[in-house]
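None of the figures in this text is laboratory data; all of them are computed from the coordinates on show. Predicted model, so just to flag it, every value in this text is computed and none were measured. All Cβ positions, even for glycine, are placed from backbone atoms using ideal geometry, and neighbour counts span all protein chains on display.
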Amino acid sequence: MTDSNPKGERIAKVIARAGVCSRRDAERLIADGRVTLNGIELNSPAVNVTADDVVLVDGKPIPVAQKPRLWRYHKPAGLVVTNRDPEGRPTVFDLLPKNLPRVLSIGRLDIRSEGLLLLTNDGELARKLEMPATGWIRHYRVKVHGIPDGNALASLADGITVDGTRYRPIKAETERILSGTAWVSFALKEGKNREIRRVCDHLGLRVIRLIRTSYGPFKLGNLVRNEAEEVPGSIIARYIPF
């Protein structure tokens, strides 16, 4: 079934909706020759499928798509947000509560960071919520070694370029100054890889602890480390258009 047929949905979207992986990873599986459609190996994601088609990934049928579900999870420091780590480090998915189905993370937190991580059974939902176009603000509390310069923090509101990478506007304010250290709040929309750490390094501040406290309307709240709590469907419907 090809683009000339308007019925159905793109195969990568269907695979993601079934919770197998993200849409981008589904496209990678197709490029690697690991996906068949009605017995034929695919080499392009530019294909539409319907419920009548048989899609196999690594020779196995994809799961029946379930309704999108979302969880708030308190990621501890020391865990990698990946399904398989080539270095053998412990991952978030190794230690998730056993009552959770197969889930994907929405965005990432690096191994040293902690706090709120959103999880979903729906790869398409994960893709949607990761996109900067969603406009959701991520909030962080960051303990740094050094005393922040208020003017330097304020200038981040105009965006900043660090080592050739352009970061969009960031709101940063000093919360509390201690003996040689400080707590700083950060709010940003994009969240590129290690963005806060790189910006802090650029400002002469060494990050000691980094905690994500919210992702859009969802907050870490009182979740204890490694605890996951499902977001009610009514809340999902309020904040996430489908």
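Some values worked out for this structure:
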quantity: Cα centre as origin, Lys/Arg/Asp/Glu Cβ charges: the chain dipole, Debye; calculated: 580 debye
quantity: Qualifying lysines (Cα of each under 17 Å from Cα of residue 67; at least 8 residues distant if same chain); calculated: 13, 128
quantity: Over 34 Å [Cα-Cα, the chain], rounded percent; calculated: 26 percent
quantity: Pair residue 85, residue 171: separation of 7 Å Cα→Cβ label points (nm); calculated: 3.3 nm
quantity: Where labels lie 7 Å past Cα in the beta-carbon direction, separation of residue 36 and residue 239 in nm; calculated: 4.2 nm
quantity: Mean Cβ count within 10 Å, highest first, over the residues of peptides 15-27, 201-213; calculated: 15-27, 201-213
quantity: Note, ³J(HN,Hα) from phi for the stretch 161-166, Karplus 6.51, -1.76, 1.60, rounded to Hz, x at Gly and Pro; calculated: 10, 10, 6, x, 9, 8
quantity: For the stretch 86-100, Karplus couplings with θ = phi - 60° (6.51, -1.76, 1.60), whole Hz, Gly/Pro x; calculated: x, 8, x, 6, x, 10, 3, 6, 6, 10, 4, x, 5, 7, 7
quantity: Cβ-Cβ FRET estimate between residue 185 and residue 28, R0 fixed at 45 Å, reported to 0.05; calculated: 0.80
quantity: Summed side-chain charge close to residue 121 - residues other than residue 121 whose Cβ falls under 12 Å, Lys, Arg +1, Asp, Glu -1; calculated: +1
quantity: Charge tally in the Cβ shell below 12 Å around residue 109, where Lys, Arg are +1 and Asp, Glu are -1, residue 109 excluded; calculated: +4
quantity: Average Cα contact separation per residue, the chain, under 8 Å, 6 or more apart, as relative contact order %; calculated: 20 percent
quantity: Mean projected area in nm² (Cα convex hull; one quarter of hull surface) for the stretch 17-117; calculated: 7.5 nm²
quantity: 3J(HN,Hα) from dihedral phi, the stretch 67-78, Karplus parametrisation 6.51/-1.76/1.60, rounded to Hz, x for glycine, proline; calculated: 5, x, 10, 9, 10, 8, 9, 9, 6, x, 5, x
